[in-house]
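A.B. asks: Let me begin by handing over the structure; questions about it come next.
The values are calculated or read from the model by the stated rules, or taken from the named source; none is laboratory data. In this text the structure is predicted, and so the values were computed from the model without any measurement. Methodologically, a virtual Cβ is constructed for each residue, glycine included, from the backbone with ideal geometry; neighbour enumeration extends over all protein chains shown.
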């Protein structure tokens, strides 16, 4: 559950019951729950986690026989339970409808290798105990990591049946692609951040976005009632999951059956621009604005403007609803190496592979961050101290000028300009929210940055 500290219910130490499969499913799918807010940070006890070696796909044997039978099977009825989710995050398009994002016919861009023994780098964990990078990766249920330094692959590791060509569900890392596309369109004058959302999407006139500015969507400072209580099917996270097709709809369901129809039902709660509140639905609205401003599908824009220009190795794909609307806040699937190319393009100021993908001004505007005062609006800085949020990116405001895209269950694209480092980490952690791992992650970023500088 992700009540915010301003909500009196946030003091109740309730949590979703693991025995309730629907609650478990939505917990895993709670795409708005990337953050562990102060509530979770102060939870009375961390959940007991299975030993990582006990839930590897090799040991579990999912979908390994012909045909898979009984406990081996992973399908929509159990794909968001744990540990079945470990298989699902690498096989999403076998479970859900998706739309392809083409890499095209261009040659694959080089990622030169300069391997270094970074797995043996030691640092103190969040409890002050020594831990190596390899141990950190195992402890946090990592499926893949790629570390670039000055554009070269200095460290790369795959676990849990993941391969360099395996696409992985990225959850809210998706938002950061949507945010940059919108910021680029704003830079080109094709979107006006000061305009009302309804200039582009008049269908939202009677919703929370009716009097909201585009900039408030981009930085998630718009006020919308979107609650995420995984034990309460009357809260909006269930409506989002049913409308988008992520969860099977209950018998007699009479609600909306597409993402955009669902957005129209959401109402204002509070004052726009007052403070940052992380809500996945803002990313869906922002993607709608991007498509309206360009007349193009999100997946086509991703393919032509990003994937093909970067010379990616593999196609990507995005989960879609019943009418082909992509989950622009949660549905992207891509490989670790291709995400590393994307991160390196950002580090280089928007140009890579001889192609300009984004204007440097767009990258600079994003990396400088958002209003840090607004970020503290509901105690979120307790979970991510010192951060802010800009164009759907998390900005650390550390000495290195680092910023990152982040998704539940441990998906990360971390860019550190001063250390000339990019890290992609894809995981299948049992806990959706970043609360359990954030303090350790910050220490790992620091250790890796220090190691590559040597």
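A.B. asks: Can you name every residue in the stretch 45-74 that is in contact with a helix residue (DSSP H, G or I) (Cβ under 9 Å, 6 or more places away or on another chain) and in contact (Cβ under 8 Å) with a residue 12 or more places away in the chain?
C.D. replies: Passing the criteria: 46, 47, 49, 52, 53, 55, 56, 57, 60, 62, 63, 74.
A.B. asks: Additional query: Return the total of residues in the stretch 142-156 being in a strand (DSSP E or B) and over 22 Å from the mean Cα position of the chain (by Cα).
C.D. replies: Summing the residues that are in a strand (DSSP E or B) and over 22 Å from the mean Cα position of the chain (by Cα) in the stretch 142-156 gives 5.
A.B. asks: Which one of 147, 173, 154 is surrounded by 18 or more Cβ atoms within 10 Å (Cβ to Cβ) and farther than 14 Å from residue 425 by Cβ?
C.D. replies: 154
A.B. asks: So how many residues does the stretch 244-300 have that are out of contact with any helix residue (DSSP H, G or I) (no Cβ under 7 Å at 6 or more places or on another chain), touching a residue at least 12 places away in the same chain (Cβ under 8 Å), surrounded by fewer than 23 Cβ atoms within 10 Å (Cβ to Cβ) and within 15 Å of residue 320 (Cβ to Cβ)?
C.D. replies: 1
Results for (1) part of a loop (DSSP other than H, G, I, E, B); (2) under 28 Å from residue 434 (Cα atoms); (3) at pLDDT 50 or above, shown as yes or no for each residue.
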residue: 6; (1), (2), (3): yes, yes, no
residue: 17; (1), (2), (3): yes, yes, no
residue: 65; (1), (2), (3): yes, no, yes
residue: 68; (1), (2), (3): yes, no, yes
residue: 82; (1), (2), (3): yes, yes, yes
residue: 86; (1), (2), (3): no, yes, yes
residue: 105; (1), (2), (3): yes, no, yes
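A.B. asks: Does residue 375 meet the test of being modelled with pLDDT under 95, touching a helix residue (DSSP H, G or I) at 6+ places or on another chain (Cβ under 9 Å), crowded, with 24+ Cβ neighbours inside 10 Å and within 29 Å of residue 263 (Cβ to Cβ)?
C.D. replies: Considered against the rule, which asks whether it is modelled with pLDDT under 95, touching a helix residue (DSSP H, G or I) at 6+ places or on another chain (Cβ under 9 Å), crowded, with 24+ Cβ neighbours inside 10 Å and within 29 Å of residue 263 (Cβ to Cβ), residue 375 comes out as yes.
A.B. asks: Which of (1) without any contact (Cβ under 8 Å) to a residue 12 or more places away in the chain; (2) touching a helix residue (DSSP H, G or I) at 6+ places or on another chain (Cβ under 6 Å) does residue 126 not meet, given it meets every other one?
C.D. replies: The one condition residue 126 does not meet is (1).
A.B. asks: Another question, if that's okay. Residues 116, 93, 139: which one is touching a strand residue (DSSP E or B) at 6+ places or on another chain (Cβ under 8 Å) and within 30 Å of residue 354 (Cβ to Cβ)?
C.D. replies: After applying the criteria, what remains is 116.
A.B. asks: In addition: Name the residues in the stretch 323-355 that are farther than 20 Å from residue 146 by Cα and touching a residue at least 40 places away in the same chain (Cβ under 8 Å), would you?
C.D. replies: If the condition is that a residue be farther than 20 Å from residue 146 by Cα and touching a residue at least 40 places away in the same chain (Cβ under 8 Å), then 323, 324, 325, 326, 327, 328, 329, 330, 331, 355 are the ones that fit.
A.B. asks: Quick one: which of 165, 136 is under 23 Å from the mean Cα position of the chain (by Cα) and either free of Cβ contacts under 8 Å to residues at least 24 places away in the same chain or surrounded by fewer than 16 Cβ atoms within 10 Å (Cβ to Cβ) (or both)?
C.D. replies: 165
A.B. asks: Just to check your reading of the model, which residue among 413, 431, 423 is in contact (Cβ under 8 Å) with a residue 24 or more places away in the chain, over 19 Å from residue 388 (Cβ atoms) and surrounded by 24 or more Cβ atoms within 10 Å (Cβ to Cβ)?
C.D. replies: So the residue among 413, 431, 423 that is in contact (Cβ under 8 Å) with a residue 24 or more places away in the chain, over 19 Å from residue 388 (Cβ atoms) and surrounded by 24 or more Cβ atoms within 10 Å (Cβ to Cβ) is 423.
A.B. asks: Out of the stretch 187-213, which residues are within 21 Å of residue 299 (Cα to Cα) and touching a helix residue (DSSP H, G or I) at 6+ places or on another chain (Cβ under 8 Å)?
C.D. replies: 187, 190, 191, 200, 201
A.B. asks: So, one more: Could you pull out every one of the helices (runs of 4 or more DSSP H) wholly within the stretch 217-321 that has 2 or more residues that are at pLDDT 95 or above and more than 28 Å from residue 95 (Cα to Cα)?
C.D. replies: By residue number, 280-294.
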